[in-house]
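Notes follow once the structure below has been shown.
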Amino acid sequence: MTSTFKGLQHTAAYNSLLKLAQSPFDLTGTGVLDDEERWRRFSCTMGDWRLFYATERVDEAVIDALQAMADEQRLVAQFAAMRRGAVLNRIEGFESENRQVLHTACRDLFSASAAMAAASEEARREMDKLRHFLDELQKGKLAGSLGQPFDTMIHIGIGGSDLGPRAMLEAMRGLALSGRKVHFIANVDPDDTARVLAEVNLATTLVTVVSKSGTTLETLTNETLVRRALEVAGLDPARHCLAVTGKGSPMDDPGRYLRSFYMFDYIGGRYSVTSMVGAVVLGFFLGYEQVVDFLRGAAEVDALAEEADLRRNLPLLLALLGIWNHNFLGHATVAILPYSQALHRFPAHLQQCDMESNGKSVDRYGRKVTLKTGPIVWGEPGTNGQHAFYQLLHQGTEVVPAEFIGFRRSQYLRDGEVQGTTSQQKLLANLFAQSIALAAGRPADNPNRAFPGNRPSCILLAERATARALGALLAIYEAKIVFQGFCWNVNSFDQEGVQLGKVLAGGLLARIGLAVEEGDGVGKIFVKQILG
Ligand code: G6Q
């Protein structure tokens, strides 16, 4: 079989990198981290964001070899082809989704010539519908079925239809329109719905049901529960519910909804934040202009990620530093550590986006991979994490590469000096000190108080958590994940493991009814032992 794409182990640079990994750069050396030139050289700016990677175990030779690997694998060319509509969601020679990958088109609305004009045109149409809808809301032209204006939104969706929109909405709470409230329901646990219903006034609530497939058990169940609650409250669900779904899905039934918005089969769920999946709830909460800024930030990164020079392409750099840590230095996980309360759900979004994309064992030709693919991604906001799992980061036997994320200024711009410093200064001092301490370590005669150092990390820094900076951050990570998938030569855009979960639960539920009468093995155990 002739393979257009090759995994990194088939590149000439792979062997150079293996050799370099035998004696990686020593960060514990005297003066290494005081060297301003090292900090300047190992940093990269893209739009609102600056990446500092002086605290990674790299030198110029490693970066040169990573560049050679990127060139050999044509990583940037593949990214550019993705933006222009190449059918990359496929496994060659086997049945697969066989689709284009065009989440970038959702935000390619700002340049004169979009990379994929037809898809951007569809995105533009949905954005126009959204603007019109938000305008009507703002002007009080839309009201609930008892005539009261809407001030609350319940967003129902799960997985890609929940995590990204929720992470980004949480990240922008400080920018919300006054008086607007948003709640999320994802879990099929009835307590998730009950908790939200107990908190809202349904007469002033819009319910956005988000499901690309329009068939997801959790979402349809929660929609039904909320519709029933609306009816019990004497309200007409068709005047309170909005749909965001795929064209032609079972939910594409405009008569049942006040408005229907669409996303398209070339947008994967976990990459759908900048489609209507995220835009409707963000628009309600923040207003249309902030959504435009958010998309603009993402679009800027998408265009800049076509830069071939690794040292000037931030997401590519982040991706290849990750490959260096994972495949060459052998670290199994990566911690995402935002020193920002606004980003408290961002690690959860990346868990999905990264692990669902690159948690794969066969390559794009269906062959078993021979190298480790996606790492385990986890994290929590600092400084909270410092009082919890950082013990393991500093002294555990598992070395965990860390990606710190921070902002120079707070989002609310409300801060106060306590004991001579502001909270923002304390927050950033902690971020910086942790990165340095992990890298430099600290020798001590008492082995229990010694810190080995040489634990790699990098820092992503922006001025403030604005809509544009957050759109850019989202796109940086989406592109990082895509570049890594290209590097491992896996299809980062399907999710058979998730599909399996959907089928498994459905199958078991269908058997409950039959279980007792027909003596069905697993069904019977479930009914007797689990349901009780
Ligand atoms: C994302 C996955 C998955 C999906 C959910 C919800 O990439 O495909 O997390 O988003 O299973 O699917 P629906 O949007 O179709 O309800």
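Rule-based calculations on the coordinates, nothing more; no lab input. Small disclaimer: the values here were computed from a predicted structure and weren't measured. Note: ideal-geometry Cβ built from the backbone for every residue, glycine included; neighbour counts use all protein chains shown.
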Taking H placed 1.01 Å from N in the peptide plane, check which residues at least 5 places from Leu337 or on another chain put their amide H under 5 Å from its amide H.
Glu403, Phe404, Ile405
Label the range 281-437 by shape, choosing from rounded, prolate and oblate, from the square roots a ≥ b ≥ c of the eigenvalues of the Cα gyration tensor; if a/c is under 1.5 it is rounded, and otherwise prolate applies when a/b is larger than b/c, oblate when it is not.
oblate
Listed with the fewest Cβ neighbours within 10 Å leading, His326, His103, His344 appear as His344, His326, His103
Where the centre of each part is set by its Cα atoms, how far does the range 182-206 sit from the range 366-437, in angstrom?
32
Give the separation of the Cα centroids, the range 46-118 to the range 295-363, in Å.
11
Checking the cross-link filter: which aspartates and glutamates have an alpha carbon closer than 20 Å to that of Lys524, excluding same-chain neighbours under 8 positions apart?
none
Size of electric dipole in the chain: Cβ of Lys, Arg +1 and of Asp, Glu -1, about Cα centre, debye, nearest 20
300
Rg and Dmax of the range 395-491, Cα atoms only, in Å
17.6, 53
Karplus-derived 3J(HN,Hα), 6.51/-1.76/1.60, for each residue of the range 345-361, Hz, glycine and proline x
9, 5, x, 5, 5, 5, 3, 5, 4, 7, 6, 6, 7, 10, x, 10, 10
Qualifying aspartates and glutamates (Cα of each under 15 Å from Cα of Lys528; at least 8 residues distant if same chain):
Glu517, Glu518, Asp520
Hey, any idea what the orientation-averaged projected area of the convex hull of the range 203-276's Cα atoms comes to, in nm²?
4.9
Setting aside same-chain residues fewer than 8 positions from Lys139, which lysines have a Cα under 16 Å from its Cα?
Lys129
Kindly write out, for the range 521-532 in residue order, the coupling ³J(HN,Hα) from the Karplus curve 6.51 cos²θ - 1.76 cosθ + 1.60 (θ = phi - 60°), rounded to whole Hz, with x marking Gly and Pro.
x, 5, x, 5, 4, 4, 5, 6, 8, 8, 5, x
Packing-based exposure ordering (other Cβ within 10 Å, fewest first) of Thr224, Thr205:
Thr224, Thr205
FRET E, pair Gln138, Gln425, Förster distance 60 Å, beta-carbon r, rounded to 0.05:
0.95
Estimated vicinal HN-Hα couplings, Hz - the range 256-262 in sequence order (Karplus 6.51, -1.76, 1.60; Gly, Pro = x)
8, 10, 5, 8, 10, 10, 10
Can you classify the range 86-239 as rounded, prolate or oblate using the Cα gyration tensor, where a ≥ b ≥ c are the square roots of its eigenvalues, rounded means a/c under 1.5, and otherwise it's prolate if a/b beats b/c and oblate if not?
oblate
Kirkwood Rh for the range 135-183 from C-alpha pairs, in Å, is 12.4
Provide the packing ranking of 34-42, 88-96, 347-355, 466-474, i.e. peptides ordered by the mean count of other C-beta atoms within 10 Å per residue, highest first.
466-474, 347-355, 88-96, 34-42
Amide H partners (placed H, <5 Å) of Phe184, local residues excluded:
His155
For the range 39-124, give the magnitude of the charge dipole about the Cα centre (Cβ charges: +1 Lys/Arg, -1 Asp/Glu; no others), in debye to the nearest 20.
280
For an R0 of 35 angstrom, estimate the FRET efficiency from the Cβ-Cβ distance between Asn446 and Tyr412 and round to the nearest 0.05.
0.25
Which percent, to the nearest 5, of DSSP beta bridges fully inside the chain are antiparallel?
30
Let me spell out the model: positive unit charges on the Cβ of Lys and Arg, negative unit charges on the Cβ of Asp and Glu, origin at the Cα centre of the range 178-226. What dipole size does that give, in debye rounded to 20?
280
Which value in nm describes the separation of the simple spin-label points at Thr28 and Ala61, placed 7 Å from the Cα toward the beta carbon?
2.0
For the range 30-171, take the convex hull of the Cα atoms, compute a quarter of its surface area, and give me that in nm², please.
15.4
Send over the semi-axes of the range 438-479's equivalent ellipsoid, whole angstrom and largest first, taken as the square roots of 5 times the C-alpha gyration tensor eigenvalues.
37, 11, 6
Projected label distance in nm at Ala332 and Ala12, using a 7 Å step from Cα toward the beta-carbon
3.6
Quick one: if the Förster radius is 30 Å, what FRET efficiency do Leu217 and Arg256 give, using the C-beta to C-beta distance and rounding to 0.05?
0.95
Counting helices only, and only those DSSP H runs with n ≥ 4, report the 222 nm mean residue ellipticity of the chain as the sum of -39,500 (n - 2.57) divided by its residues, in deg cm²/dmol to the nearest 500.
-13000 deg cm²/dmol
Rank Ala298, Gly366, Gly283 by how far each Cα sits towards the positive end of the charge dipole of the chain (+1 on Lys, Arg Cβ; -1 on Asp, Glu Cβ) and give me just the farthest.
Gly283
Of Met46, Leu27, Ala143, whose Cα points farthest to the positive end of the dipole of the range 24-151 (charges on the beta-carbon: +1 Lys, Arg; -1 Asp, Glu; origin at the Cα centre)?
Ala143
How do Thr333, Thr208, Thr11 line up, fewest other C-beta atoms within 10 Å first?
Thr333, Thr11, Thr208
Entries of Lys212/Lys480; Lys6/Lys372; Lys212/Lys502; Lys480/Lys502 with Cα pairs more than 19 Å apart
Lys212/Lys480; Lys480/Lys502
Rounded, prolate or oblate: pick one for the chain, where a ≥ b ≥ c are the square roots of the eigenvalues of its C-alpha gyration tensor, a/c under 1.5 means rounded, and failing that, prolate if a/b is larger than b/c, else oblate.
prolate
Rg/Rh for the range 332-424, where both radii come from Cα atoms and Rh is the Kirkwood radius
1.12
